[in-house]
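Novice: Mind having a look at this structure? Questions to follow.
The values are calculated or read from the model by the stated rules, or taken from the named source; none is laboratory data. From a predicted model like this one, the values you see are computed outputs, not experimental measurements. Cβ placement follows ideal geometry from the backbone for every residue including glycine, while neighbour counts extend to all protein chains displayed. Surface areas here come from the heavy atoms of the whole protein model, side chains and all, with no ligands, DNA or RNA. Shrake-Rupley method; radii C 1.70, N 1.55, O 1.52, S 1.80 Å.
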Amino acid sequence: MSVPLAMTLLGLVLLAAVIQRVAGLGLGMLFAPYAVVLIGAHQGIMLANFLGTLMPLLLLPRIWDRIQWRTVAWIGLPAVAVMPGAAWLSSVSPPGPLYIVTASLVLLSLLISVALVRVNTTVDGRTAQVVTGIGSGLGTVLGGVGGPAVTVYAVLSRWPVLPMVATLQPLWILISSVSFASKLAWDDGQVPDLPWWMWAAMVAIVIASIFLGEAVQKRLAERTIQRFVMVLGFVGALLALGTGVRLLVG
(Lines give C-alpha, C1' and ligand atoms only; values in the text may rest on other atoms or scores of the structure.)
Protein backbone atom coordinates (compact mmCIF):
# COMPACT_ATOMS: atom_id res chain seq x y z
CA MET A 1 0.00 0.00 0.00
CA SER A 2 1.38 3.40 -0.98
CA VAL A 3 1.91 6.09 1.64
CA PRO A 4 -0.54 8.59 0.03
CA LEU A 5 -3.27 5.93 -0.05
CA ALA A 6 -2.60 4.96 3.56
CA MET A 7 -2.68 8.59 4.73
CA THR A 8 -5.92 9.20 2.84
CA LEU A 9 -7.58 6.20 4.48
CA LEU A 10 -6.39 7.23 7.94
CA GLY A 11 -7.57 10.79 7.41
CA LEU A 12 -11.01 9.50 6.42
CA VAL A 13 -11.11 7.32 9.53
CA LEU A 14 -10.35 10.32 11.74
CA LEU A 15 -12.95 12.58 10.12
CA ALA A 16 -15.71 9.97 10.08
CA ALA A 17 -15.00 8.79 13.63
CA VAL A 18 -15.11 12.32 15.07
CA ILE A 19 -18.42 12.94 13.31
CA GLN A 20 -19.83 9.68 14.70
CA ARG A 21 -18.89 10.71 18.24
CA VAL A 22 -20.63 14.05 17.79
CA ALA A 23 -23.79 12.89 16.02
CA GLY A 24 -24.03 9.19 16.90
CA LEU A 25 -23.69 8.08 13.29
CA GLY A 26 -21.74 8.87 10.16
CA LEU A 27 -18.70 6.63 10.25
CA GLY A 28 -20.04 4.05 7.82
CA MET A 29 -21.98 6.55 5.71
CA LEU A 30 -19.03 8.84 5.12
CA PHE A 31 -16.18 6.35 5.13
CA ALA A 32 -17.63 3.52 3.02
CA PRO A 33 -18.14 5.37 -0.31
CA TYR A 34 -14.55 6.63 -0.37
CA ALA A 35 -13.13 3.32 0.86
CA VAL A 36 -14.96 1.58 -1.99
CA VAL A 37 -13.12 3.79 -4.46
CA LEU A 38 -9.74 3.49 -2.75
CA ILE A 39 -9.55 -0.26 -2.00
CA GLY A 40 -12.46 -1.83 -3.90
CA ALA A 41 -16.18 -2.38 -3.31
CA HIS A 42 -16.20 -5.49 -1.14
CA GLN A 43 -13.08 -4.68 0.89
CA GLY A 44 -14.22 -1.09 1.38
CA ILE A 45 -17.57 -2.17 2.84
CA MET A 46 -15.87 -4.80 4.99
CA LEU A 47 -13.48 -2.20 6.42
CA ALA A 48 -16.40 0.17 7.11
CA ASN A 49 -18.22 -2.64 8.93
CA PHE A 50 -15.12 -3.39 11.00
CA LEU A 51 -14.70 0.24 12.03
CA GLY A 52 -18.45 0.49 12.60
CA THR A 53 -18.08 -2.23 15.23
CA LEU A 54 -14.79 -1.07 16.75
CA MET A 55 -15.64 2.54 17.53
CA PRO A 56 -18.95 1.91 19.35
CA LEU A 57 -17.29 -0.85 21.37
CA LEU A 58 -14.60 1.56 22.56
CA LEU A 59 -17.22 4.24 23.22
CA LEU A 60 -19.67 2.13 25.24
CA PRO A 61 -18.17 2.72 28.73
CA ARG A 62 -18.58 6.49 28.29
CA ILE A 63 -22.27 6.46 27.28
CA TRP A 64 -23.62 3.31 29.00
CA ASP A 65 -26.04 5.10 31.36
CA ARG A 66 -27.91 6.85 28.53
CA ILE A 67 -28.54 3.77 26.34
CA GLN A 68 -32.21 2.89 25.73
CA TRP A 69 -31.91 -0.88 25.49
CA ARG A 70 -35.50 -1.58 24.41
CA THR A 71 -35.03 0.68 21.43
CA VAL A 72 -31.80 -1.14 20.60
CA ALA A 73 -33.70 -4.43 20.56
CA TRP A 74 -36.69 -3.19 18.53
CA ILE A 75 -34.46 -1.67 15.84
CA GLY A 76 -31.52 -4.07 16.02
CA LEU A 77 -33.26 -7.45 15.89
CA PRO A 78 -35.26 -6.74 12.68
CA ALA A 79 -32.05 -5.39 11.13
CA VAL A 80 -30.18 -8.58 11.97
CA ALA A 81 -33.04 -10.74 10.68
CA VAL A 82 -32.85 -9.35 7.12
CA MET A 83 -29.08 -9.10 6.82
CA PRO A 84 -28.12 -12.69 5.87
CA GLY A 85 -30.57 -12.64 2.94
CA ALA A 86 -29.31 -9.22 1.90
CA ALA A 87 -25.71 -10.48 2.07
CA TRP A 88 -26.58 -13.37 -0.23
CA LEU A 89 -28.25 -10.95 -2.67
CA SER A 90 -25.18 -8.73 -2.54
CA SER A 91 -22.89 -11.66 -3.32
CA VAL A 92 -24.78 -12.70 -6.47
CA SER A 93 -25.64 -9.24 -7.82
CA PRO A 94 -23.51 -6.51 -9.38
CA PRO A 95 -22.90 -3.85 -6.71
CA GLY A 96 -23.68 -0.80 -8.86
CA PRO A 97 -27.45 -1.31 -9.26
CA LEU A 98 -27.79 -2.31 -5.58
CA TYR A 99 -26.16 0.93 -4.47
CA ILE A 100 -28.36 3.00 -6.78
CA VAL A 101 -31.62 1.37 -5.69
CA THR A 102 -30.71 1.50 -1.99
CA ALA A 103 -29.56 5.12 -2.11
CA SER A 104 -32.62 6.21 -4.11
CA LEU A 105 -34.99 4.67 -1.58
CA VAL A 106 -33.07 6.28 1.26
CA LEU A 107 -33.23 9.71 -0.40
CA LEU A 108 -36.98 9.32 -0.93
CA SER A 109 -37.44 8.42 2.75
CA LEU A 110 -35.39 11.42 3.86
CA LEU A 111 -37.40 13.78 1.68
CA ILE A 112 -40.66 12.38 3.07
CA SER A 113 -39.39 12.79 6.63
CA VAL A 114 -38.47 16.44 5.97
CA ALA A 115 -41.96 17.06 4.60
CA LEU A 116 -43.61 15.42 7.61
CA VAL A 117 -41.48 17.41 10.05
CA ARG A 118 -42.63 20.65 8.43
CA VAL A 119 -46.25 19.76 9.22
CA ASN A 120 -45.34 18.83 12.81
CA THR A 121 -46.00 15.12 12.38
CA THR A 122 -44.44 12.78 14.96
CA VAL A 123 -43.90 9.12 14.09
CA ASP A 124 -42.76 6.76 16.84
CA GLY A 125 -43.59 3.40 18.42
CA ARG A 126 -42.63 -0.22 17.85
CA THR A 127 -43.80 -0.40 14.23
CA ALA A 128 -41.66 2.59 13.30
CA GLN A 129 -38.68 1.04 15.08
CA VAL A 130 -39.11 -2.31 13.30
CA VAL A 131 -39.33 -0.60 9.90
CA THR A 132 -36.24 1.43 10.80
CA GLY A 133 -34.37 -1.76 11.68
CA ILE A 134 -35.28 -3.44 8.40
CA GLY A 135 -34.22 -0.37 6.43
CA SER A 136 -30.97 -0.04 8.32
CA GLY A 137 -30.10 -3.72 7.96
CA LEU A 138 -30.78 -3.77 4.23
CA GLY A 139 -28.99 -0.47 3.67
CA THR A 140 -25.91 -1.55 5.62
CA VAL A 141 -25.38 -4.74 3.62
CA LEU A 142 -26.52 -3.66 0.17
CA GLY A 143 -25.14 -0.15 0.06
CA GLY A 144 -23.07 0.48 3.19
CA VAL A 145 -25.64 3.08 4.36
CA GLY A 146 -27.48 1.93 7.46
CA GLY A 147 -27.45 5.39 9.01
CA PRO A 148 -29.99 7.24 6.85
CA ALA A 149 -32.82 4.90 7.88
CA VAL A 150 -32.08 5.73 11.51
CA THR A 151 -31.86 9.41 10.58
CA VAL A 152 -35.45 9.28 9.31
CA TYR A 153 -36.62 7.70 12.57
CA ALA A 154 -34.63 10.13 14.73
CA VAL A 155 -36.15 13.12 12.93
CA LEU A 156 -39.75 11.87 12.90
CA SER A 157 -39.71 10.69 16.52
CA ARG A 158 -38.02 13.86 17.83
CA TRP A 159 -35.38 11.69 19.49
CA PRO A 160 -33.35 13.76 22.03
CA VAL A 161 -29.69 13.98 21.03
CA LEU A 162 -27.82 12.49 24.00
CA PRO A 163 -29.98 9.34 24.37
CA MET A 164 -29.93 8.98 20.58
CA VAL A 165 -26.13 9.13 20.34
CA ALA A 166 -25.79 6.61 23.19
CA THR A 167 -28.46 4.19 21.94
CA LEU A 168 -27.09 4.11 18.42
CA GLN A 169 -23.71 2.75 19.52
CA PRO A 170 -24.80 -0.78 20.59
CA LEU A 171 -27.07 -0.74 17.55
CA TRP A 172 -24.08 -0.14 15.26
CA ILE A 173 -22.11 -2.85 17.05
CA LEU A 174 -24.89 -5.33 16.35
CA ILE A 175 -25.57 -4.28 12.76
CA SER A 176 -21.94 -3.82 11.68
CA SER A 177 -20.70 -7.07 13.24
CA VAL A 178 -23.51 -9.12 11.68
CA SER A 179 -22.96 -7.41 8.33
CA PHE A 180 -19.23 -8.14 8.55
CA ALA A 181 -19.85 -11.82 9.39
CA SER A 182 -22.56 -12.21 6.73
CA LYS A 183 -20.49 -10.70 3.95
CA LEU A 184 -17.43 -12.65 5.10
CA ALA A 185 -19.43 -15.88 4.75
CA TRP A 186 -21.00 -15.06 1.39
CA ASP A 187 -18.10 -13.15 -0.20
CA ASP A 188 -15.48 -15.83 0.39
CA GLY A 189 -13.47 -14.03 3.06
CA GLN A 190 -12.64 -10.71 1.40
CA VAL A 191 -11.07 -9.10 4.46
CA PRO A 192 -9.16 -5.91 3.56
CA ASP A 193 -5.54 -6.70 2.77
CA LEU A 194 -3.88 -4.01 4.86
CA PRO A 195 -0.46 -4.01 6.56
CA TRP A 196 -0.42 -4.52 10.33
CA TRP A 197 0.61 -0.94 11.02
CA MET A 198 -2.50 0.33 9.22
CA TRP A 199 -4.73 -1.70 11.53
CA ALA A 200 -2.82 -0.40 14.58
CA ALA A 201 -2.99 3.19 13.32
CA MET A 202 -6.75 2.96 12.72
CA VAL A 203 -7.35 1.68 16.26
CA ALA A 204 -5.26 4.53 17.70
CA ILE A 205 -7.10 7.10 15.59
CA VAL A 206 -10.51 5.78 16.64
CA ILE A 207 -9.52 6.07 20.32
CA ALA A 208 -8.28 9.63 19.84
CA SER A 209 -11.42 10.59 17.91
CA ILE A 210 -13.63 9.71 20.90
CA PHE A 211 -12.06 12.44 23.03
CA LEU A 212 -11.83 14.92 20.16
CA GLY A 213 -15.47 14.33 19.24
CA GLU A 214 -16.59 14.84 22.84
CA ALA A 215 -14.87 18.21 22.92
CA VAL A 216 -16.67 19.25 19.74
CA GLN A 217 -20.03 17.93 20.93
CA LYS A 218 -19.94 20.00 24.12
CA ARG A 219 -19.66 23.17 22.05
CA LEU A 220 -22.74 22.47 19.92
CA ALA A 221 -26.43 23.09 20.72
CA GLU A 222 -28.82 20.14 20.55
CA ARG A 223 -30.72 21.68 17.63
CA THR A 224 -27.48 22.06 15.69
CA ILE A 225 -26.64 18.40 16.18
CA GLN A 226 -30.15 17.35 15.10
CA ARG A 227 -29.79 19.32 11.87
CA PHE A 228 -26.33 17.84 11.40
CA VAL A 229 -27.78 14.33 11.69
CA MET A 230 -30.28 15.09 8.92
CA VAL A 231 -27.54 16.52 6.71
CA LEU A 232 -25.45 13.38 7.30
CA GLY A 233 -28.37 11.26 6.15
CA PHE A 234 -28.56 13.11 2.84
CA VAL A 235 -24.77 13.11 2.41
CA GLY A 236 -24.57 9.37 3.06
CA ALA A 237 -27.33 8.58 0.58
CA LEU A 238 -25.87 10.85 -2.10
CA LEU A 239 -22.41 9.34 -1.66
CA ALA A 240 -23.86 5.85 -1.98
CA LEU A 241 -25.76 6.92 -5.11
CA GLY A 242 -22.56 8.32 -6.57
CA THR A 243 -20.72 5.10 -5.76
CA GLY A 244 -23.43 3.08 -7.48
CA VAL A 245 -23.26 5.19 -10.63
CA ARG A 246 -19.46 4.98 -10.65
CA LEU A 247 -19.54 1.19 -10.30
CA LEU A 248 -22.23 0.88 -12.95
CA VAL A 249 -20.38 2.86 -15.61
CA GLY A 250 -17.07 1.18 -14.76
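Novice: Tally up the residues in the stretch 201-225 that are open to solvent by less than 70 Å² (accessible area, probe 1.4 Å) and under 17 Å from Ala16 (Cα atoms), please.
Specialist: Selection size over the stretch 201-225: 15.
Novice: Name every residue in the stretch 60-86 that is assigned to a helix (DSSP H, G or I) and among the polar types (S, T, N, Q), in order of residue number.
Specialist: Passing the criteria: only Thr71.
Novice: Could you tell me whether Leu14 is open to solvent by 10 Å² or more (accessible area, probe 1.4 Å), part of a helix (DSSP H, G or I) and closer than 18 Å to Gly236 by Cα?
Specialist: For Leu14, the condition - open to solvent by 10 Å² or more (accessible area, probe 1.4 Å), part of a helix (DSSP H, G or I) and closer than 18 Å to Gly236 by Cα - is met.
Novice: Out of Ala41, Ala87, Ala48, report the one residue that is at pLDDT below 85, within 17 Å of the chain's Cα centre (by Cα) and open to solvent by 20 Å² or more (accessible area, probe 1.4 Å).
Specialist: One residue alone meets the criteria, Ala41.
Novice: Now a separate question. Checking the condition without any contact (Cβ under 8 Å) to a residue 60 or more places away in the chain and under 22 Å from Val82 (Cβ atoms), which residue from Ala149, Ala215, Ala221, Ala240 passes?
Specialist: Answer to the check: Ala149.
Novice: Ok, one more. Got a number for residues in the stretch 231-241 being over 10 Å from Ala23 (Cβ atoms) and out of contact with any Pro (no Cβ under 7 Å at 6 or more places or on another chain)?
Specialist: Final tally of qualifying residues: 4.
Novice: Would you point out the residue of the stretch 23-37, among those that are small (Gly, Ala, Ser) and open to solvent by less than 10 Å² (accessible area, probe 1.4 Å), that is nearest to the chain's Cα centre (by Cα)?
Specialist: Top of the filtered list is Gly26.
Novice: Return the residues of the stretch 1-26 that are under 26 Å from Trp159 (Cβ atoms) and free of Cβ contacts under 8 Å to residues at least 60 places away in the same chain; say none if nothing qualifies.
Specialist: The answer is Leu15, Ala16.
Novice: Here's a follow-up. Could you please let me know if Trp172 is aromatic (Phe, Trp, Tyr), open to solvent by less than 30 Å² (accessible area, probe 1.4 Å) and either touching an Asp or Glu at 6+ places or on another chain (Cβ under 8 Å) or in a helix (DSSP H, G or I) (or both)?
Specialist: yes
Novice: Turning to a different aspect of this structure: Being open to solvent by less than 20 Å² (accessible area, probe 1.4 Å) and part of a helix (DSSP H, G or I) is the filter here, so list the residues in the stretch 148-162 that pass it.
Specialist: If the condition is that a residue be open to solvent by less than 20 Å² (accessible area, probe 1.4 Å) and part of a helix (DSSP H, G or I), then Pro148, Val150, Thr151, Tyr153, Ala154, Leu156, Val161 are the ones that fit.
Novice: Restricting attention to the stretch 181-193, does a residue exist that is surrounded by fewer than 19 Cβ atoms within 10 Å (Cβ to Cβ), assigned to a helix (DSSP H, G or I), in contact (Cβ under 8 Å) with a residue 40 or more places away in the chain and aliphatic (A, V, I, L, M)?
Specialist: Looking through the stretch 181-193, at least one residue is surrounded by fewer than 19 Cβ atoms within 10 Å (Cβ to Cβ), assigned to a helix (DSSP H, G or I), in contact (Cβ under 8 Å) with a residue 40 or more places away in the chain and aliphatic (A, V, I, L, M).
Novice: Still on this structure: Let me confirm something: among Leu98, Leu25, Leu107, Leu89, which residue is under 16 Å from Gly139 (Cβ atoms) and not in a helix (DSSP H, G or I)?
Specialist: From the options Leu98, Leu25, Leu107, Leu89, the qualifying one is Leu25.
Novice: If Leu110 satisfies all but one of (1) open to solvent by 10 Å² or more (accessible area, probe 1.4 Å); (2) closer than 29 Å to Val123 by Cα, what's the number of the condition it fails?
Specialist: Condition not satisfied by Leu110: (1).
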